[in-house]
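Written out below as structure tokens is the structure these notes cover.
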Amino acid sequence: MLIYNSLARDKESIQPLEDNHIRMYTCGPTVYNFAHIGNFRAYTFEDILRRTLLFNGYRVTQVMNLTDVDDKTIRGALAAGVSLNEFTHPFIKAFFEDLTKLNIQKAEFYPSATGHVPEMIALIEKLFERGLAYRSEDGSVYFNVANFEGYGKLSRLDRANLRAGARVAQDEYEKENYGDFALWKGWDASDGDVMWDSPWGRGRPGWHLECSAMSIKYLGETFDLHTGGIDNLFPHHENEIAQAEGATGKPFVRYWMHCAHLRVNGEKMSKSLGNFFTLRDLLGQGWSGREIRYVLINGHYRQPLNFTFTALEAARAALARIDGCVEALTELASGAETGTAPDAIAKALNDFTKAVNDDLGMPEAFAALFALVRESNSLVQQKKLSAEAAAAILEVFDRMDTVLGLVRFGNADNTGAIPAEVELLLKERAAVRAAKDWAGSDRIREQLASMGWEVRDSKDGPKVRKVT
Ligand code: AMP
Ligand code: ZN
């Protein structure tokens, strides 16, 4: 599987450190508001990446942090007159609801920054030992960028531009302000009651620190893959590398991947520009999570994606085409039609696999899916497709769907678990079929359908799927 590594600025074949196991860290949301669909472009890109790794047979351990303390969350809590926890809790809850709405698979760990302050303090202590941290007059602690030789390797900064001793206290800043950044921020009145004790006095961690501390805790000092939106590359990811490698003396991450922005009218969709839609805004307008997912994943992740309502309408039409095809095939697959199995089946899966394995080539992957839809529709119309071939095509759609998460969207709990009552009906159905009671079998099929489960009989016995 080839991926574009931002560190190497080249496509590379991904080779995990541990046999067949990819350890990956994805920068998660700052929970001071509802995530907007620009953020979800990043999370759906990471979902496609995760699913493609699984598609290739890798085991994946994914960690996504929840930034529940930083400049923005503290400002929000103070403005709302509630504690930091009370302020962030509803946004964390909303975030998980949104992930489900978009059929994004769950990561293995969602550590929160406020739950890992001791780990962050320990990391700063290591940086002191290695001469990479210093205290400022106001009780804050800064990373000494000039003392860390590797600084700038990800963003390819020119070290000549480093102004010795220049410091930035804010969590987010531009390349022009390249300088020493805050590891620990000494308490001041604008922090309200948000503070932790540390060897350097009361204060709170800087934003960048949490990702280094939590990724090391859950994934080890060196791990495979780290992702985020392109705006995270500098300073956030550059600083993560400095903190982690500065403290451990080991390489931090082997492959870095970044997605381009979701744009509106040529500008990055962002809260500060005010040009954003949350998922809730769009659901409220009658668009489905499935349609929104379609728009977000239907492009190459390294290309900016322009958000339009025309794209949502096109998604609705494309999904209807897919659904129509799946419906026709499902009907045919349960019958006894004879005919041929077209070569297009193997070719479509081949093209799809090649596409996703070449740096997540989603445009080509969708092209392979629709080529099969076209071919199937035409064969169904000409009555040339056998029941067996129809079932085989459905299996190819299912295989593709392990990456896309679009064709069979209903199974949004990601577990694929079949409820006990469905299992029971399936057993009953097997019994009546064994007794050749076809009417009874149909009755149970209808009952399952009314519960939202579709049964298909294949060579290996009956299969059920949740349908929307
Ligand atoms: P934040 O909550 O601002 O820390 O951002 C969470 C994630 O969303 C990060 O990976 C960002 O890089 C990403 N992100 C923010 N805005 C956009 C956008 N317009 N398009 C794509 N990704 C974005
Ligand atoms: Zn991060």
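Side notes on the structure shown:
- Within region 278-327, the set of residues being surrounded by 15 or more Cβ atoms within 10 Å (Cβ to Cβ), hydroxyl-bearing (Ser, Thr, Tyr) and part of a helix (DSSP H, G or I) comprises Tyr294 only.
- Every condition in (1) surrounded by 23 or more Cβ atoms within 10 Å (Cβ to Cβ); (2) more than 16 Å from ligand 1 (Cβ to nearest atom) holds for Ile14 except the one numbered (1).
- For region 48-85, filtering for residues that are among the polar types (S, T, N, Q), away from ligand 1 (no atom under 13 Å from the Cβ) and part of a strand (DSSP E or B) leaves 2.
- Test result for Lys106, charged (D, E, K, R), surrounded by fewer than 17 Cβ atoms within 10 Å (Cβ to Cβ) and in contact (Cβ under 8 Å) with a residue 24 or more places away in the chain: yes
- Some residue of region 141-156 being surrounded by fewer than 12 Cβ atoms within 10 Å (Cβ to Cβ) and modelled with pLDDT of 95 or more: no
- Under the condition of being part of a loop (DSSP other than H, G, I, E, B) and charged (D, E, K, R), the residues counted in region 267-277 number 1.
- Members of region 220-243 that are away from ligand 1 (no atom under 11 Å from the Cβ) and surrounded by fewer than 22 Cβ atoms within 10 Å (Cβ to Cβ): Gly220, Glu221, Thr222, Phe234
- Residues within region 26-47 that are more than 16 Å from ligand 2 (Cβ to nearest atom), closer than 30 Å to Asn357 by Cβ and outside any helix (DSSP H, G or I), tallied: 0
- Looking across region 1-25 at every residue that is among the polar types (S, T, N, Q) and away from ligand 2 (no atom under 15 Å from the Cβ), the one that is nearest to the chain's Cα centre (by Cα) is identified as Asn5.
- Scanning region 1-46 for residues that are among the aliphatic types (A, V, I, L, M) and in contact with a Cys (Cβ under 6 Å, 6 or more places away or on another chain) returns a single hit, Ala42.
The values are calculated or read from the model by the stated rules, or taken from the named source; none is laboratory data. Predicted model only: the values in this text are computed from it and were never measured. Here the Cβ is made from the backbone with ideal geometry for all residues, glycine too, and neighbour counts use every protein chain on show.
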